[in-house]
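The values are calculated or read from the model by the stated rules, or taken from the named source; none is laboratory data. Quick caveat: nothing in here was measured; it's all calculated off a predicted structure. Quick reminder, even Gly has a Cβ in these numbers, built from the backbone with ideal geometry, and neighbours come from all protein chains shown. Surface accessibility is based on the protein's heavy atoms, side chains included, excluding ligands, DNA and RNA. Shrake-Rupley method; radii C 1.70, N 1.55, O 1.52, S 1.80 Å.
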Amino acid sequence: MIPLSWLKRKKRQPNDEPLNRNRIVSVLLVGGSIAAVGIVAFTSYWVVRGLILNTLKHNALLKVEKAGSEIDTWLAKQLGGVETLASSYEVRSMNWDIAEPFLQLEQDRLADFWMFILVNPDGTYYTTRVGLAKGQNLSDREYFQRAMKGEPNVSDMIISRTTGKRQINISVPVWSFPRANYAQIPDDRADIRSKSLSSYNLPNDLSQQPKVIGNLAGNIPTAHVSQVVADTQLGKGSYAFALDSKGVPIAHPNSKLTEGTQSFLDSANPALAKIARAMIDRQHSVNLMRLDDQWVYVAYAPIQKTDWSVALVIPRENVEQQLDALHLLAIVVGTLLALAILIALQQLRQLEETRDRAIQESRLNKQLAQTSTQLQDALAYLGAIMDTLVDGLLVTDINGKITRCNPALSKMFGIESTDLAQQDAAIVFSHEITDLIAQTQQHPHQVFTAEIALNDGGIGKAVATVILKTAQSESEGTLDRSAIGSVILIRDITSEKEVDQMKTDFISTVSHELRTPLTSVLGFAKIIKKKLDEVVFPAVASEEKKVLRTIRQVEDNIDIIVSEGMRLTSLINDVLDIAKMEAGKVDWKMEVLNVSKVIEHAIASTSALFQAEHLELIQQIEPELPNVIGDHDRIVQVVINLISNAVKFTDHGSVTCKAIRIGDHVCMSVIDSGAGIAADDHQKVFEKFKQVGDTLTDKPKGTGLGLPICQQIVEHHNGKIWVESELGKGSTFSFTLPIKVETNLVQKIDFSTLVQQLREQVIHQDSETNRSQKTILIVDDEAPIRELLRQNLEAEGYQILEAKDGREAVAIVKQQKPHLIILDVMMPDMTGFDVAAVLKHDPQTMGIPIIILSIVDDKERGLQVGVDRYLTKPINAELLLHEVDLLIAQGSSRRKVLVVDEDELATKTLVGILQAQGFSTSEASNDAELIEKTLSTQPDTVIANAKFWEHSTAVKTLKFEKGLENVFLLLIADHKSDSTLP
Amino acid sequence: MSQKILIVDDEFHIRLLLEQTLEELEDQGVELITATNGHEALEIIKAEHPQLVFLDVMMPHLNGFDVCSTVKNELNVQDIYIIMLTAKGQELDKQKGAEVGADLYMTKPFDPDEVLEKSIQILGL
């Protein structure tokens, strides 16, 4: 049902009370209207139906009445006829002889009658068919008795005693003289009456009343009645029948029932008996009843002239057929009504839905308004935060367009314009910022920092990172994080820088102020000791005990001063170390470290301790430990510190040095069998100036800064340091270092392999070099060094030139064109860097390889000016000769490299690395560029991506170009993962 | 010409210490000269041409780096070995020392024996 489901559906909003009440009211309204219309329609139908049915019943009654009246008319006519006969002289004579001829004639005239019967008062009778009925008597017949009482009547159905046939008799009394109200007869009629009376042989006495002297009955067949009854019909299947006062059928369409005088009252069919009873009771009505297994209407009409009754049986449908039109109408109206209700409900529902939708819409609108207000508030809040940030904020999209910045930023860079949005960051800001943006884009998962000069001369620290947007990837269901821009936060650190500088200055000053007196103390103590040993004590030739004891005491005392002075020195060094680390002033030289080599180094440095203390050192180093990244010297410092601590606190037994891999870390442990540390003190050992134990009684060993320094170093490497120990059971100091992530490492390895390839490639081409034809220029302001180098190189067969300063060197090079230059940096007038810069910028000399050999370790600067190798003093002769050989064999400075790759980023990365190493580079990203660049720059080496190589024809054809036969080609499979080189 | 060693330090004790450390070289004809500040040192270098200079960094008025730089780059004095003596143990100073042309860098407190040994080596004694 629609309304139900409709109501149910609405119940989904339980919190909506007024809506429900409205709905209930409207439902009641609609329901009531429907019920009223239904009731009215049904009542109208019922009334109309009743009216029609009554009319139909009335029709049936009329029909049956008509039949009754026809029979009545007929009977009246027959009664009149018989009465006329009975009034005749012949009949009144009651003499059969007189009456018979008359009756015979009348019988012929009146064709309806079968015969006439003349009955004597005693019941004996004569008939026109047989004459005197001998032995027969009719005195028991009702019609005779009624006639004898002066009552003309029509008999019930009787069986003739004469003929044995079913018949009815029209029975009238025979009066002694004609009945009349004689007293009222006018006198002028007296004569006629007298004449008449005399003719009847009656006395003329008018006071006499006529007497019944006999009975005349006309025997008549029921055919006419049957005809009338048969003619009485109302539709198909209907029939009429007539019963006499006893219920015996006079006329019935079923001929079997009109044999004999069986009364319907005695019928086995109770319905028939019921009908018969109603007829005998002379009912005049129409009844609905069940007869012979069907519903029928039965109309009754009694006959006036006799006690008979006529009934008409009509099948119900005959009557109610008339109602079909009404029913059809009712159905149509009902259907229309139902349809109208449906439509109305539908409309109502739609109306409700529209209203609901409107309510929901308004609610949504309200929510939307609320949300947008909240959003605006949030945005305003965020905006306010950004605008009031003390730090400068700069947000760009991936193309470097500014999308957001705050007033602090504008102030920092002195930008007047308030609206920077959509401007190119490269135009507005310095290259430092655009570089940062570019870096974040290239390495989306790293945070970059840079110090940037501010407008007011201050320094800002910029922290930049890419903005990653997390998006659900539909295809794989994984989370994709794509860069949508960069965000840079710039903090004015001018004052911090100043404070920092002050701190650095303070440390320097304190260090200086402490060291200067210490220098004196320690220095003089050592001199005193030396002088005592060498001069004073030998001069004291006394054998006196007191003198000898004093000498011994002075020796001991001076030793104490020296050792304490040294302890103080190391303390100052440690304090400086930790102060520098805390101030971030340490230059960490991160490189790939082999853990076992680090440990070996530390063990070598501490071997003297073990010998002195008679302790055993055990090594447990897991084979094939992965490399870590770290500052070699600092990590060695940590291990040395731990080992020397272990030795310090262990009187006997052993110290174990262990290194294992734990997950992503390498764990190094130093295990001793010493005194151990109570659990409460485990953390304290890493605190500055804390030494575990009673400071008053226990002799302090060391500065108390060793472990804090170790902790600083390890934590800088993103590692962890801790101690496991129990009193009396020794201690285990361990620290972890993260294993270098493979990708970064690979790049490093890749690169070094590549550079190695670049350097050595030529050897394969012309290894047979006549060294005697090669000249080497040695430039050094120190003659002994020149001499040393000359001797070494001449021993290898090279020709040697010398220059004692930069100017001389430049002059000689231009004149003599040596095959190689070995160059010192620290020289008067012109430094080695300047010399190199001059030579490398002159096309005539730029091809000559230069090796810098200096105490100054500034490799970066050397490579920048274009030198080929950078070696530091003290001179490692073997390495120097190797490099000299390499470069000489190479013939000329193989510095020009052309990098070819379709991936621009990869090209840039490689170019950056090569440039940092002093190579002069050019780039190409397609065939056309490759040919153009190769011909214009004449590179010594072409580095091509293997994939590019595969599909490039230009690379292959170039190989055969004139003048390019000796170009060396390097193929790289992939910059990132593979380091396979051809 | 006798060999000369110039000791430059504003601290009397340090001068004394170095003098005593190196005094045995005097037996081999080495002359020890001292200066208490940078200006004095420059004057002496110009006048005396010492072969070896022990130069303190932190001095009033003209510091050791300036002295060294002047000597190596402006005076065009050849064959002079300058050992910087400083309490500063920082990388930055070492680099600066190298930049101004210092030949060696020694951190205080230094070991007298090492000073003596180095001097003998440099002077070729």
Screening A:GLN350, A:GLN321 for residues that are exposed (fewer than 15 other Cβ atoms within 10 Å of the Cβ) and at pLDDT 85 or above leaves only A:GLN350
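Consider the range B:1-26. How many of its residues are over 14 Å from B:SER119 (Cα atoms) and not small (Gly, Ala, Ser)? Show your work before the answer.
Taking the range B:1-26 as the starting set, the residues that turn out to be over 14 Å from B:SER119 (Cα atoms) are B:1-2, B:8-17.
Filter again for not small (Gly, Ala, Ser), leaving B:1, B:8-17.
The total comes to 11.
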Matching residues in the range A:914-923 (in a helix (DSSP H, G or I), surrounded by 20 or more Cβ atoms within 10 Å (Cβ to Cβ) and at pLDDT below 70) number 0
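A quick yes/no check of all residues on (1) open to solvent by 20 Å² or more (accessible area, probe 1.4 Å); (2) modelled with pLDDT of 85 or more; (3) among the small types (Gly, Ala, Ser); (4) not in a loop (DSSP other than H, G, I, E, B):
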{"site": "A:ALA659", "(1), (2), (3), (4)": "no, yes, yes, yes"}
{"site": "A:GLY674", "(1), (2), (3), (4)": "no, no, yes, no"}
{"site": "A:PHE689", "(1), (2), (3), (4)": "yes, no, no, no"}
{"site": "A:ASP694", "(1), (2), (3), (4)": "yes, no, no, no"}
{"site": "A:GLU715", "(1), (2), (3), (4)": "yes, yes, no, yes"}
{"site": "A:GLY719", "(1), (2), (3), (4)": "no, yes, yes, no"}
{"site": "A:GLU724", "(1), (2), (3), (4)": "yes, yes, no, yes"}
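Out of the range B:8-28, which residues are farther than 25 Å from B:SER69 by Cβ and either at the interface with chain A (Cβ under 10 Å from one of its Cβ atoms) or open to solvent by 40 Å² or more (accessible area, probe 1.4 Å) (or both)? Give the steps one after another, and end with the answer.
Narrowing the range B:8-28 to residues farther than 25 Å from B:SER69 by Cβ: B:12-13, B:16-17, B:19-21, B:23-28.
Passing the criteria: B:PHE12, B:HIS13, B:LEU16, B:LEU17, B:GLU19, B:GLN20, B:THR21, B:GLU23, B:GLU24, B:GLU26, B:ASP27, B:GLN28.
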Among residues of the range B:60-69 being surrounded by fewer than 22 Cβ atoms within 10 Å (Cβ to Cβ) and within 12 Å of another protein chain (Cβ to nearest Cβ), the residue nearest to B:ASP10 (Cα to Cα) is B:ASN63
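Is one or more of the residues making up the range A:837-847 of a type in the set (D, E, K, R) and farther than 19 Å from A:THR921 by Cα? So that I can check it myself, show each step before the final result.
Let us first name the residues in the range A:837-847 that are of a type in the set (D, E, K, R), namely A:840, A:842.
Checking which are farther than 19 Å from A:THR921 by Cα leaves us with none.
Looking through the range A:837-847, none of the residues is of a type in the set (D, E, K, R) and farther than 19 Å from A:THR921 by Cα.
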By residue number, the members of the range A:803-842 that are closer than 21 Å to B:TYR81 by Cα, open to solvent by 10 Å² or more (accessible area, probe 1.4 Å) and of a type in the set (Gly, Ala, Ser) are none
State yes or no: is A:THR449 in contact with a strand residue (DSSP E or B) (Cβ under 8 Å, 6 or more places away or on another chain), closer than 30 Å to A:VAL586 by Cα, away from every other protein chain (no Cβ under 14 Å) and at pLDDT below 85? yes
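Got a sec? Which of A:GLU600, A:GLU555 is open to solvent by 60 Å² or more (accessible area, probe 1.4 Å), within 30 Å of A:ARG661 (Cβ to Cβ) and more than 56 Å from the chain's Cα centre (by Cα)? Break it down into steps so the answer makes sense when it comes.
Details: A:GLU555 fails: within 30 Å of A:ARG661 (Cβ to Cβ).
Going through A:GLU600, A:GLU555 in turn, just one is open to solvent by 60 Å² or more (accessible area, probe 1.4 Å), within 30 Å of A:ARG661 (Cβ to Cβ) and more than 56 Å from the chain's Cα centre (by Cα): A:GLU600.
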Q) If you check A:THR516 against the conditions, is it of a type in the set (S, T, N, Q), modelled with pLDDT under 80, surrounded by fewer than 17 Cβ atoms within 10 Å (Cβ to Cβ) and part of a helix (DSSP H, G or I)? A) no
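Looking at the range A:121-139, which of its residues are touching a residue at least 12 places away in the same chain (Cβ under 8 Å), open to solvent by 30 Å² or more (accessible area, probe 1.4 Å) and in a loop (DSSP other than H, G, I, E, B)?
Residues satisfying the conditions are A:PRO121, A:ASP122, A:THR124, A:ARG129, A:VAL130, A:GLN136, A:ASN137, A:SER139.
Kindly indicate the residue of the range B:92-106 that is at pLDDT 80 or above and surrounded by fewer than 19 Cβ atoms within 10 Å (Cβ to Cβ) and also nearest to the other protein chains (Cβ to nearest Cβ) among those meeting that condition.
Filtering the range B:92-106 for residues at pLDDT 80 or above gives B:100-106.
In the following step, the residues that additionally are surrounded by fewer than 19 Cβ atoms within 10 Å (Cβ to Cβ) were identified as B:104, B:106.
Values: B:LEU104: 8, B:MET106: 10 Å.
Step by step, filter the range B:92-106, then rank; the result is B:LEU104.
Please pick out the residue among A:GLU616, A:GLU534 that is over 24 Å from B:ASP113 (Cβ atoms), over 60 Å from the mean Cα position of the chain (by Cα) and not hydroxyl-bearing (Ser, Thr, Tyr). Write out each step before concluding.
Details: A:GLU534 fails: over 24 Å from B:ASP113 (Cβ atoms).
Only one candidate passes the filter, namely A:GLU616.
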In the set A:THR494, A:THR504, the lone residue that is more than 12 Å from every other protein chain (Cβ to nearest Cβ), polar (S, T, N, Q) and either under 30 Å from A:PHE429 (Cβ atoms) or open to solvent by 60 Å² or more (accessible area, probe 1.4 Å) (or both) is A:THR494
Of the residues in the range A:507-520 that are of a type in the set (Ser, Thr, Tyr) and out of contact with any Lys or Arg (no Cβ under 8 Å at 6 or more places or on another chain), the one that is farthest from the other protein chains (Cβ to nearest Cβ) is A:THR509
B:GLU114 vs (1) over 12 Å from the mean Cα position of the chain (by Cα); (2) within 9 Å of chain A (Cβ to nearest Cβ): all pass except (2)
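Residues checked against (1) part of a helix (DSSP H, G or I); (2) more than 22 Å from A:ILE459 (Cβ to Cβ); (3) touching a residue at least 60 places away in the same chain (Cβ under 8 Å):
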{"site": "A:GLU353", "(1), (2), (3)": "yes, yes, no"}
{"site": "A:SER362", "(1), (2), (3)": "yes, yes, no"}
{"site": "A:GLN374", "(1), (2), (3)": "yes, yes, no"}
{"site": "A:ALA380", "(1), (2), (3)": "yes, yes, no"}
{"site": "A:ASP387", "(1), (2), (3)": "yes, yes, no"}
{"site": "A:THR403", "(1), (2), (3)": "no, yes, yes"}
{"site": "A:ASP419", "(1), (2), (3)": "no, yes, no"}
{"site": "A:GLN422", "(1), (2), (3)": "no, yes, no"}
{"site": "A:THR434", "(1), (2), (3)": "yes, no, no"}
Restricting attention to the range A:777-789, the residues that are modelled with pLDDT of 85 or more and out of contact with any Lys or Arg (no Cβ under 9 Å at 6 or more places or on another chain) number exactly 1
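Which is open to solvent by less than 30 Å² (accessible area, probe 1.4 Å) and within 14 Å of chain A (Cβ to nearest Cβ), of B:ILE33, B:ILE5, B:ILE45? Spell out how you get there, then give the answer.
Details: B:ILE33 fails: within 14 Å of chain A (Cβ to nearest Cβ); B:ILE5 fails: within 14 Å of chain A (Cβ to nearest Cβ).
Answer to the selection: B:ILE45.
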Checking A:SER44, A:SER88, A:SER155, A:SER69 in turn, the sole residue that is open to solvent by less than 50 Å² (accessible area, probe 1.4 Å) and either more than 30 Å from A:LYS195 (Cα to Cα) or without any contact (Cβ under 8 Å) to a residue 12 or more places away in the chain (or both) turns out to be A:SER155
So, first residue more than 14 Å from B:ALA98 (Cα to Cα) and more than 8 Å from chain A (Cβ to nearest Cβ) in the range B:72-88, second residue open to solvent by 50 Å² or more (accessible area, probe 1.4 Å) and in a helix (DSSP H, G or I), Cβ within less than 7 Å, six or more apart or across chains; the pairs are B:LEU75/B:LYS46
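With A:GLU544, A:GLU582, A:GLU534 as the choices, which residue is open to solvent by 60 Å² or more (accessible area, probe 1.4 Å) and either of a type in the set (A, V, I, L, M, F, W, C) or within 20 Å of B:ASP111 (Cβ to Cβ) (or both)?
Values: A:GLU544 fails: either of a type in the set (A, V, I, L, M, F, W, C) or within 20 Å of B:ASP111 (Cβ to Cβ) (or both); A:GLU582 fails: either of a type in the set (A, V, I, L, M, F, W, C) or within 20 Å of B:ASP111 (Cβ to Cβ) (or both).
A:GLU534 is the lone residue from the list that is open to solvent by 60 Å² or more (accessible area, probe 1.4 Å) and either of a type in the set (A, V, I, L, M, F, W, C) or within 20 Å of B:ASP111 (Cβ to Cβ) (or both).
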